[in-house]
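The values are calculated or read from the model by the stated rules, or taken from the named source; none is laboratory data. Because the structure is a prediction, the values reported are computed rather than measured. Here the Cβ positions follow ideal geometry from the backbone for every residue, glycine too, while neighbour counts run over all protein chains shown. Side chains are part of the model used for accessible areas, which takes the heavy atoms of the whole protein and leaves out ligands, DNA and RNA. Shrake-Rupley method; radii C 1.70, N 1.55, O 1.52, S 1.80 Å.
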Amino acid sequence: MHPPQMTGLSPQEGGEPGLLSIGQSADQGSARSFPWVTLAVAGLLVAVHGVLAALGPVDVDALVRWGAKAGPLVLEAGQVWRLLSANLLHRDALHLALNVTVLVAAGTALERACRRVDYVALLISTALTTMASSLAWSGAVSVGASGLVYGCMGALLVLGRRHRSRSGFRVRWLSGESSIPTVLVFLWLGWTSVGVDNAGHLGGLVAGLLTGAFLEPRESERSVRSGVVRPLVGVGAALLVAALVVMERSGWRVERDDGFGVAVALPEGWRGEVDGQGRRTFSNGLPGLGRATFSAEAIEAGEAVDGLAQARHFHEETLPLGVPGPEGRTLSVQGPSRTLVGGRVAQRLRAQLEGPDGGRHLLAFFVPRGEWVYRLVFTWPAQWPAYQDVVGRMVAELRFDEPSVLREARGRALLSPGAPGPQRELGAVLRRLGLSREAVTPLAEAVRLSPAHVGARVELARALLDTGRVEEGCHAADEAQVYGPSDTGALEAGVRCELARGALPRALERLEEARRVDPQDARLRAAEAALRTVLEASPSSVHQETSGPTPR
């Protein structure tokens, strides 16, 4: 968290004893008390930053590695200790110097005025409340002791006002009546500056103000009688606030994509990101170390497939061993292997990656859905194994819904039951999504309503062949070629018929016929080459196939 732009220090009034104008205890006993807790905290802040700076650049990844408040790691990886450790880190020397200067001034006065056990409890409570408030507002990375500073200032303000008339005890607060305006100026400077964690500042200030309402001077009778009950209650209240914030922010939501027909459970803090390549991408929001992502992409295969070819292509193109890729250098790959995702058979790949921000895990699924293959890719940092459970839950709760294109096609078919176009469209969408059995009825109705429509007959032939009704499918393919003798779709349906019968040479003849009609069709050219390769590699099977049934 960024510090305020000014500290609020002001010079001593003439003739006043002591070193501080930002709160001082003027009784003789307190003046002799050495503020070792404050100086120890200040020394720790300086030492921690010195170690970070000696190890390398103090960037976001370094701060996250050393314990910055990072919402995803607190909420999803269970690292609640970051609500304390983040108070000890600073982004640069200026940030550190400003916080230490004001903390030494305000903390010394407060430590001299109160019992040390109360002062330590104040620091712990303020640290927790500062980062809990920051977490309640945002999961972004935040660091700094500014919350401790605001907590000490708030406690001094209330303590000084409560006991300003006490005999033998005075706490001066920012030269008297200037206290509230000065605090407001600090907050205003933070609010109008870029990159300042104002939620944390306010949380620290409120914690200090509330604590100051219960603080008593070090040597008062009430302070002596309170023992450790009061400080323990204060720390307990801060722990309760932190626990409530963590529980409230740890929820999950279901993200649905109507276009893909995919629903996945995500931690509440995950947000979608812009992707210009047709993917839906979500991440936990961290920029480097600690970043976890999920992306979904629909790949049109053109044929009903099992996803194996797409998994192998992803392996070869995106995860070649030892080669740096978008997610890092690939160290190892496992798979592809068959598994179930959302109740559907899928292919799975696992990979270990090494990137500039540390090791990463990658888990990819290739889920066939008719002529489409959904590529679902999860990545997460290897440094925090707890993310394995997060990804595991996302995979376990992933579901495939009816995509919007199918829902819209159903609606149009219901609204126009006697029109061939909506029936044909519904059947084609059902078939392409792998629901060929359901597709037969609307396609047969479309053929009945419009017998001369070649496209409807082609779709019906393909749906029948997909469901194993070979002779019916071949009959529909022959009729499609009667109505469209030069239609490449009808010719291709005939090729599929011969393949379903096992007559490979006859299929090649029909494929050559289709190629003569449309020699520029790259898909037909690739299919012809593949079929020739199969025939050349299996000469013994050709004799069997040529003795099989011949087309009518």
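For the pair segment 52-78 / segment 403-429, the C-alpha centres are spaced 53 Å from each other.
What the phi angles of segment 98-107 give under the Karplus curve with 6.51, -1.76 and 1.60, with θ = phi - 60°, is a coupling list of 5, 5, 5, 4, 6, 5, 5, 5, 5, x Hz, glycine and proline written as x. Extension gain for the segment Leu84 to Arg448, taken as residue separation times 0.36 nm less the Cα-Cα distance, is 123.7 nm to one decimal. Where the accessible area of segment 33-143 is counted over protein heavy atoms with a 1.4 Å probe, how much of it, in %, is carbon and sulfur? The C+S portion of the solvent-accessible surface of segment 33-143 is 74 percent.
Can you give me the % of accessible surface on segment 235-344 that is carbon or sulfur? Probe 1.4 Å, all protein chains present, nothing else counted. Summing carbon and sulfur atoms, their accessible area is 53 percent of the total for segment 235-344. Rounded to the nearest Hz, the phi-derived 3J(HN,Hα) couplings of segment 497-506 under the Karplus curve 6.51 cos²θ - 1.76 cosθ + 1.60 (θ = phi - 60°) are 4, 5, 5, 5, 7, x, 8, 5, x, 5, where x marks glycine and proline.
Normalised by the number of residues in segment 339-412, the average gap of Cα pairs under 8 Å and 6 or more apart makes the relative contact order 26 percent.
Applying 1/(1 + (r/R0)^6) with R0 = 60 Å to the Cβ-Cβ distance of Val345 and Leu94 gives a FRET efficiency near 0.55. With an a/c value of 1.5 or above and a/b not larger than b/c for the gyration tensor axes a ≥ b ≥ c computed over the alpha-carbon atoms, segment 448-511 is described as oblate. The phi-based Karplus calculation (6.51 cos²θ - 1.76 cosθ + 1.60; θ = phi - 60°) puts the 3J(HN,Hα) values of segment 244-251 at 5, 5, 4, 5, 5, 8, 8, x Hz, whole numbers, x for Gly and Pro. How would segment 340-388 be classified by its alpha-carbon gyration tensor: rounded, prolate or oblate, with rounded meaning a/c under 1.5 and the a/b versus b/c comparison settling the rest? Here segment 340-388 falls in the prolate category. To the nearest 0.05, how large is the calculated FRET efficiency for Gln383 and Ala47 if R₀ is 41 Å and r is the Cβ-Cβ distance? With R0 = 41 Å, the Cβ-Cβ based efficiency is 0.95. Here's how it looks for Tyr374: its modeled amide H is under 5 Å from those of Ile299, Val367, Arg369, which are all 5 or more places away or on a different chain. Simple spin-label estimate for Asp306 and Arg338 gives 0.6 nm between the two label positions (7 Å along the Cα-to-Cβ direction from each Cα). Peptides 301-313, 74-86, 352-364, 133-145 ranked from most to least packed by the mean count of surrounding Cβ atoms within 10 Å: 133-145, 74-86, 352-364, 301-313. Between Thr533 and Asp59, the FRET efficiency from the beta-carbon distance, with R0 = 45 Å, is close to 0.25. The solvent-accessible area of Ser486, taken with every protein chain present and a 1.4 Å probe, is close to 80 Å². If a/c stays under 1.5 just call it rounded; otherwise compare a/b with b/c (prolate if a/b is bigger, oblate if not). Do that for segment 428-476, with a ≥ b ≥ c from the square roots of the Cα gyration tensor eigenvalues. Since a/c reaches 1.5 but b/c is at least a/b, the shape of segment 428-476 is classed as oblate.
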